[in-house]
Structures are given as C-alpha cells and as structure tokens.
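Student: Handing you a structure now.
The values are calculated or read from the model by the stated rules, or taken from the named source; none is laboratory data. Note that the coordinates shown come from a computational prediction; the quantities given were computed from them, not determined experimentally. Reconstructed Cβ throughout: ideal geometry from the backbone, glycine too, with neighbour counts over all protein chains shown. All accessible areas refer to the heavy atoms of the entire protein, side chains included, with ligands and DNA or RNA removed. Shrake-Rupley method; radii C 1.70, N 1.55, O 1.52, S 1.80 Å.
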Amino acid sequence: MNNLPFEVSREEVEDCFKDLKNQINEVRIPTRPDGKAIGYAYIQFSSEEAANKAVEEHQNLSIRGRKIKIEHADSSKKHDQVLKALNVALLKN
C-alpha cells in the first residue's frame with residue numbers, strides 16, 4: 001500500500017479493506033526514527049486469495065484525500081532496504 005499520508009493510522013488502513021478485515025493478519029506501517037510514517041504499509045492477509053482480492057478490487061481508494069496504490073509486496077524487500085538506509089543516514093546526522 002503506497003502513497004499514504006504520513007499521519008496514517010492502522011485503523012485507517014484496515015478500514016480500506018472492510019470486506020476483508022477478518023482476513024487481515026497484520027498491518028505494518030514503517031516509521032522513521034522520529035515516529036513519522038514513511039508513506040507505505042504492509043498488510044498481511046490470511047490467504048493468497050484475500051491478498052489478490054485486495055489488489056484487484058481496492059484500487060480506487062483514498063485516505064485523507066490521497067489516492068492510494070495497492071500492490072503485492074516486492075519480494076526483493078526493496079522498501080526494507082530503503083528504510084534501513086534512511087535510518088542509517090538519519091543516525092549519522
């Protein structure tokens with residue numbers, strides 16, 4: 001889930017998937033060391049079918065006026081690598 005407002009809450013993310021809410025295992029919203037969200041979230045669903053439905057049927061969502069993009073997580077963990085690099089850069093400053 002990309003393009004989230006920096007102040008997004010777990011509840012706001014879950015509310016985007018009301019029809020799948022009982023199939024959400026976990027919601028992770030990565031944050032910077034100062035606690036601000038980075039603008040994306042990972043949602044783990046209980047099945048591949050639920051994840052596919054989320055991607056296929058929830059493309060026209062918005063949170064706080066921002067159009068949200070939903071896609072399957074990149075298996076290369078690119079976002080995690082960016083987050084680690086950002087944390088290292090912030091700690092050095």
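Student: What about Glu26, is it modelled with pLDDT of 90 or more, among the acidic types (Asp, Glu) and open to solvent by 80 Å² or more (accessible area, probe 1.4 Å)?
Tutor: So Glu26 does not fit the description; no.
Student: Which condition breaks for Gln44 when tested against (1) open to solvent by 80 Å² or more (accessible area, probe 1.4 Å); (2) at pLDDT 90 or above; (3) assigned to a helix (DSSP H, G or I); (4) not aromatic (Phe, Trp, Tyr)?
Tutor: If we test Gln44 against (1) open to solvent by 80 Å² or more (accessible area, probe 1.4 Å); (2) at pLDDT 90 or above; (3) assigned to a helix (DSSP H, G or I); (4) not aromatic (Phe, Trp, Tyr), just (3) comes out false.
Residues are listed down the side, and each one gets a yes or a no for (1) of a type in the set (Val, Ile, Thr); (2) part of a strand (DSSP E or B); (3) surrounded by 11 or more Cβ atoms within 10 Å (Cβ to Cβ):
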| site | (1), (2), (3) |
| --- | --- |
| Leu4 | no, no, yes |
| Val8 | yes, no, yes |
| Glu11 | no, no, no |
| Glu14 | no, no, yes |
| Gly35 | no, no, no |
| Val55 | yes, no, yes |
| Ala73 | no, no, yes |
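Student: Same structure, new question: Name the pairs: first residue in segment 1-24 and more than 14 Å from Ala51 (Cβ to Cβ), second residue modelled with pLDDT under 90 and part of a loop (DSSP other than H, G, I, E, B), Cβ to Cβ under 7 Å, at least 6 apart or on different chains?
Tutor: Phe6/Lys36
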